[in-house]
Amino acid sequence: MPLTTIAGRPILLAPSLLAADFARLGEHVAEATAAGADWLHVDVMDGVFVPNISIGLPVVAALRSITSLPLDCHLMIVNPERYIDAFVDAGATSISVHVETCPHLNRTLEQIRDRGARPGVVLNPATPLVMLDDVLDLVDLVLIMSVNPGFGGQRYSAGATARIARLRRQLDERSLGHVHLQVDGGINAATAPAVVAAGATNLVAGSAVFNHHHSVAESVAQLRSAVQQAV
Ligand code: DX5
Ligand code: ZN
């Protein structure tokens, strides 16, 4: 269930399972689903592109067997084109690849679409938006990182807000309003309102959803009310 609707656009929540308790992942998925999560965000890290190692194909397959929510796979790995078929086979709904890892980006995005998944493209905070110019027509999703990827629980980088607003203008000018504008890193009830006001339509949130302070239901409710007040 979308967090809200702004200017006719549903604002979706994609809880990042990186912050979930892996020893009871199924329960956390059920709680997020009951709380109204729209997608589940799966952070795949290889210890090379980013300095951390997280989860991979067997976990995506296990998730696919217990949920019908879209599985939004964020590949923070080098040579992601080598693994696209495997992620689709494991049950990925969308597959997002970093510009910084893809010398043949349009081929990789086409490969994702050809295999029947939704292609997404991701930019690190320091990568200029212009890198998107020639691939925007090929994607269903653009992810603007609001932290340097690799770890959950980092602080939202304020510079992301202006980038989101610029990208929103570009998408609208190019009649690409259907492309999801996703933001990932440091999203919580304090930062989400400005992010959606700038034009984001898809919020990834890890530690703001799965934490020791509140239940998943309470945490999602807080995000929902913060975003609704932003309208
Ligand atoms: C960071 C990951 C994020 C991370 C977000 O590399 O891509 O998805 O889980 O975590 P929070 O919401 O805690 O910043
Ligand atoms: Zn992510």
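The values are calculated or read from the model by the stated rules, or taken from the named source; none is laboratory data. From a predicted model like this one, the values you see are computed outputs, not experimental measurements. Backbone-built Cβ (ideal geometry, glycine too); neighbour counts: all protein chains shown. Heads up: the accessible areas ignore ligands, DNA and RNA and are worked out on the full protein's heavy atoms, side chains in. Shrake-Rupley method; radii C 1.70, N 1.55, O 1.52, S 1.80 Å.
Some notes on this structure:
- Selection from the stretch 82-141 of residues that are hydroxyl-bearing (Ser, Thr, Tyr) and assigned to a loop (DSSP other than H, G, I, E, B): Thr93, Thr127
- Qualifying residue in the stretch 14-27 (condition: under 26 Å from Leu132 (Cα atoms), touching a residue at least 24 places away in the same chain (Cβ under 8 Å) and aromatic (Phe, Trp, Tyr)): no
- Residue in the stretch 202-222 that is nearest to the chain's Cα centre (by Cα), counting only those that are within 16 Å of ligand 2 (Cβ to nearest atom) and either surrounded by fewer than 23 Cβ atoms within 10 Å (Cβ to Cβ) or part of a loop (DSSP other than H, G, I, E, B) (or both): Gly206
- Residue in the stretch 35-46 that is open to solvent by 50 Å² or more (accessible area, probe 1.4 Å), in contact (Cβ under 8 Å) with a residue 60 or more places away in the chain and within 26 Å of His214 (Cα to Cα) present: no
- Selected residue [surrounded by fewer than 17 Cβ atoms within 10 Å (Cβ to Cβ) and free of Cβ contacts under 8 Å to residues at least 60 places away in the same chain] from Ala92, Ala86: Ala86
- Here the stretch 173-188 is the region considered, the condition is being over 21 Å from His41 (Cα atoms) and among the charged types (D, E, K, R), and the residue that is most open to solvent (accessible area, probe 1.4 Å) is Glu173.
- Any hit, the stretch 163-172, residues being assigned to a loop (DSSP other than H, G, I, E, B), surrounded by 15 or more Cβ atoms within 10 Å (Cβ to Cβ) and in contact with a strand residue (DSSP E or B) (Cβ under 7 Å, 6 or more places away or on another chain): no
- Selection status of Ala30, at pLDDT 95 or above and under 16 Å from the mean Cα position of the chain (by Cα): no
- Among the numbered conditions (1) open to solvent by less than 10 Å² (accessible area, probe 1.4 Å); (2) not in a loop (DSSP other than H, G, I, E, B), the only one that Ala194 does not meet is (1).
- Out of Leu69, Leu18, Leu25, Leu57, sole residue that is crowded, with 19+ Cβ neighbours inside 10 Å and modelled with pLDDT of 95 or more: Leu18
- Among the residues of the stretch 181-219, those identified as among the hydroxyl-bearing types (Ser, Thr, Tyr) and more than 10 Å from ligand 1 (Cβ to nearest atom) are Thr201, Ser215, Ser219.
- Given (1) in a helix (DSSP H, G or I); (2) closer than 29 Å to His214 by Cα, number of the condition Leu75 does not satisfy: (1)
- The stretch 153-162, subset touching a residue at least 12 places away in the same chain (Cβ under 8 Å) and surrounded by fewer than 19 Cβ atoms within 10 Å (Cβ to Cβ), residue farthest from ligand 2 (Cβ to nearest atom): Ala162
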